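Values in this text are rule-based calculations from the coordinates and carry no lab data. The model shown is predicted, which means the values in this text are computed figures rather than measured ones. When we count neighbours, we look across all protein chains shown, and the Cβ atoms used for this are built from the backbone with ideal geometry, even at glycine.
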Amino acid sequence: MMRRPVLYAAVLAIVCGLPGVSRADALDDKLRPLISEQYAAEFMQKSLKGIHYLNCDGVPCRRTDEFELFNPPVSTADTRQILVYAIKGALAWWCGLDEGRGTVALGEFLQERDFNARQTALASAMHGTFMRMQKAVFDTSGKTCQAETKAELDEALPNGVK
């Protein structure tokens, strides 16, 4: 079972006070431990079951088979990082920055990893879904983004498409 309320509460608690974050890696290092390997694996499994609704290089992605469920095309570690980019995108939105900057960071990561069309479609779907989930939490939290958090996030995110 996924532990969403605990994860969301932990994310909100950390991002409301991010002392000393000055680079993307440092922010990633603070956020990544909030997403357990088990949570990432479960998120991947659920995403794989709906991949046939996605587009892979201009055509619908093929359905996931049992082999792929046991051998996902994206590692648990990479899934955790994809979810970190989603949190950063939601934080950008919450803090009044361009949420697309989290997507740019994801794109750079996918290029670094040389993901194929299926992996990219899956990563993009996981990123978008998780970012919407996080945005809902921030939106209903009753809190506002601190100026320090906004500045640190602004420094940690890419400024645009390269």
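Amide H contacts under 5 Å for C56: C61, restricted to partners 5 or more places along the chain or on a different chain, H placed in the peptide plane at 1.01 Å from N.
Amide H contacts under 5 Å for T64: I51, H52, restricted to partners 5 or more places along the chain or on a different chain, H placed in the peptide plane at 1.01 Å from N.
In the calculated pair-distance distribution of the range 32-162, the portion above 21 angstrom amounts to 42 percent of the Cα-Cα pairs.
Remark: the range 100-113, residue by residue, has Karplus-estimated 3J(HN,Hα) of x, 5, x, 5, 4, 4, 4, x, 4, 4, 5, 5, 4, 7 Hz, where x stands for each Gly or Pro and the curve is 6.51 cos²θ - 1.76 cosθ + 1.60 at θ = phi - 60°.
For the residue pairs K46/K88; K30/K150; K49/K143; K30/K143, alpha carbon separations beyond 24 Å are given by K49/K143. A simple charge model with +1 on the Cβ of Lys and Arg, -1 on the Cβ of Asp and Glu and nothing else charged puts the dipole of the range 77-140 at about 160 debye relative to its Cα centre. Note on D114 and S75: their simple-model spin labels are 1.4 nm apart, each label 7 Å out from Cα toward Cβ. Applying both filters, DSSP loop and at most 16 other Cβ atoms within 10 Å, to the trypsin sites (Lys or Arg not before Pro) of the range 65-155 gives K143. Scalar couplings 3J(HN,Hα) for the range 133-138, obtained by applying the Karplus form with A = 6.51, B = -1.76, C = 1.60 to θ = phi - 60°, are 4, 5, 4, 4, 5, 5 Hz; x denotes Gly and Pro. At an R0 of 45 angstrom, the distance between the Cβ atoms of E68 and K143 translates into a FRET efficiency of 0.70.
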